[in-house]
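Heads up, the thing below is written out as structure tokens.
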Amino acid sequence: MSLLGLRRADHIHTVDDGRGRRRVLLDGQVVEKVVYADTRKGVVRHYDTPVRVHKHGKRAIQRTKHGKVEVEFL
């Protein structure tokens with residue numbers, strides 16, 4: 001339980017959630033540089049390889065993909 005007494009959502013995986021390294025599969029294919037994955041909704045947010053930078057915002061571009069999401073702990 002978190003400090004607020006809320007239950008941790010085990011189906012949501014983020015970079016800084018403290019649960020260690022994971023491999024994310026979208027429709028059976030490995031997705032690299034994942035920032036966010038939701039196994040219930042079937043959503044994966046990731047950076048392109050190689051990382052692309054937005055020309056006006058000077059920030060890395062994220063992509064969102066939908067499908068069957070599986071997460072394997074390494």
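The values are calculated or read from the model by the stated rules, or taken from the named source; none is laboratory data. These numbers come from a predicted model, not from an experiment. Cβ sites come from the backbone with ideal geometry, for glycine too, and all protein chains shown count toward neighbours. These accessible areas exclude ligands, DNA and RNA; they are computed on the full protein's heavy atoms, side chains included. Shrake-Rupley method; radii C 1.70, N 1.55, O 1.52, S 1.80 Å.
Table for the structure above
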read-out: Contacts under 8 angstrom Cβ, first residue in segment 49-74 being among the hydroxyl-bearing types (Ser, Thr, Tyr) and in a strand (DSSP E or B), partner open to solvent by 70 Å² or more (accessible area, probe 1.4 Å) and modelled with pLDDT of 90 or more, 6 or more apart; value: 64/45
read-out: Selected residue (criterion: least open to solvent (accessible area, probe 1.4 Å)) from residues of segment 24-74 that are of a type in the set (Ser, Thr, Tyr) and in contact with a Lys or Arg (Cβ under 8 Å, 6 or more places away or on another chain); value: 36
read-out: Residue, nearest to residue 64 (Cα to Cα), within segment 9-39, restricted to residues that are of a type in the set (Gly, Ala, Ser) and out of contact with any strand residue (DSSP E or B) (no Cβ under 7 Å at 6 or more places or on another chain); value: 28
